[in-house]
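Participant: Starting off with a structure, shown below.
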Amino acid sequence: MAPKVLVTRILPPQTQARLLEQDFDLFQWQQDCCIPRDVLLEKIKGVDALFCLLTEKIDSELLDAAGPQLKVIATMSVGYDHIDVDAVKSRNIALGYTPDVLTDATADLTVLLALGASRRIKESIRAAEDGQWGKWAPTWLCGSQFTNKTLGIVGLGRIGEAVGERLKAFNVGRIIYSGRTEKLAAQAKLNAEFVSFDTLLRESDVIVVCCALTKDTENSFNYEAFSKMKKSVVFINSARGGIVHQDDLVRALDEKLIGAVGLDVTTPEPLPPMHKLYTFPNCLILPHVGSATYETRENMAGMTLQNILAGLDHTSLPYSI
Ligand SMILES: O=C(O)[C@H](O)CO
């Protein structure tokens, strides 16, 4: 009998074609929006494999609704804070994700945000488009550059390291990082120093948040943290919105405690268009597009399908959590 497989979105074209070639009893959500929770809870019943995105909360309620035959869950994401990993593992369900493949795309976008925020790209584009472009003037729309500055990386994992490598090319003077543990190989490659979170906050000119969202990192960028930063700091988050206490970020911007902000992630997502964060000229916000290149998304989908096939085959997942 063909395995029952639930896929929560239409996939990038090559993987979508491969999916349709499989001998699956397939339910695939066809609309260009997230599958509603009630539909997911209904459709999960009796499935053998779930192909999900970071938009679906995978918790005990969902696993109970699925039933004991569920063999594998594969998320098309490297982050898995939307998944109750203990609940999945305690049911002996194989769990897969997509590490490595989105490192370059996400690091590229993090650098783009850092450059964009520090060089006032949002104000510059608006000025050009809104007819405020007057004659060249010595200090109009000046930002700051990275030469000889201190870069602070929060979380020197794959993406943090790739961001460090890229920003090195902009002649930063010093790279410091914080995190749970020292990362000796990456540290040596970047000539970086492991410092406390407090030191990183106080000494960085540019802070990039590249860590996972966990109980320990949740809301770690709060008012107290913003108060310790240099007033000129460029603060970038391309990891997860929940790492930042967003109301405190608004307050810090209001009180001009920080220089410029670049966010690819917020709470909630999507961030409502009327949100106060959009009103700050020095706060650049993108709609969670870190991994959004055709190449990367196709690779992520392909890996997720490989995980599903392995899980259904009772072999170990090629990319397992
Ligand atoms: O976790 C992930 O895969 C990323 O946030 C998607 O861009």
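Participant: Any residue in region 44-53 that is surrounded by 18 or more Cβ atoms within 10 Å (Cβ to Cβ), away from the ligand (no atom under 16 Å from the Cβ) and more than 27 Å from residue 240 (Cα to Cα)?
Facilitator: yes
Participant: For region 235-274, which residues satisfy the criterion of being polar (S, T, N, Q) and either touching a residue at least 40 places away in the same chain (Cβ under 8 Å) or within 16 Å of the ligand (Cβ to nearest atom) (or both)?
Facilitator: 237, 238, 266, 267
Participant: Limited to region 31-44, what total is found for residues that are under 14 Å from residue 5 (Cα atoms) and assigned to a loop (DSSP other than H, G, I, E, B)?
Facilitator: 1
Participant: Another one. Taking residue 135 as meeting all but one of (1) basic (Lys, Arg); (2) farther than 27 Å from residue 256 by Cα; (3) modelled with pLDDT of 95 or more, write down the number of the exception.
Facilitator: All conditions are met except number (3).
Participant: Let me ask another. Do any helices (runs of 4 or more DSSP H) entirely within region 74-191 hold 1 or more residues that are in contact (Cβ under 8 Å) with a residue 12 or more places away in the chain and within 17 Å of the chain's Cα centre (by Cα), and if so, which?
Facilitator: The helices (runs of 4 or more DSSP H) meeting that bar are 103-118, 158-168.
Participant: State which residue is farthest from residue 5 (Cα to Cα) when the search covers only region 282-321 and only residues that are surrounded by 19 or more Cβ atoms within 10 Å (Cβ to Cβ), away from the ligand (no atom under 16 Å from the Cβ) and small (Gly, Ala, Ser).
Facilitator: The extreme case among them is 310.
The values are calculated or read from the model by the stated rules, or taken from the named source; none is laboratory data. For clarity, every value in this text was computed on a predicted model and none was experimentally measured. Neighbour counts run over all protein chains shown; Cβ positions are idealised from the backbone, glycine included.
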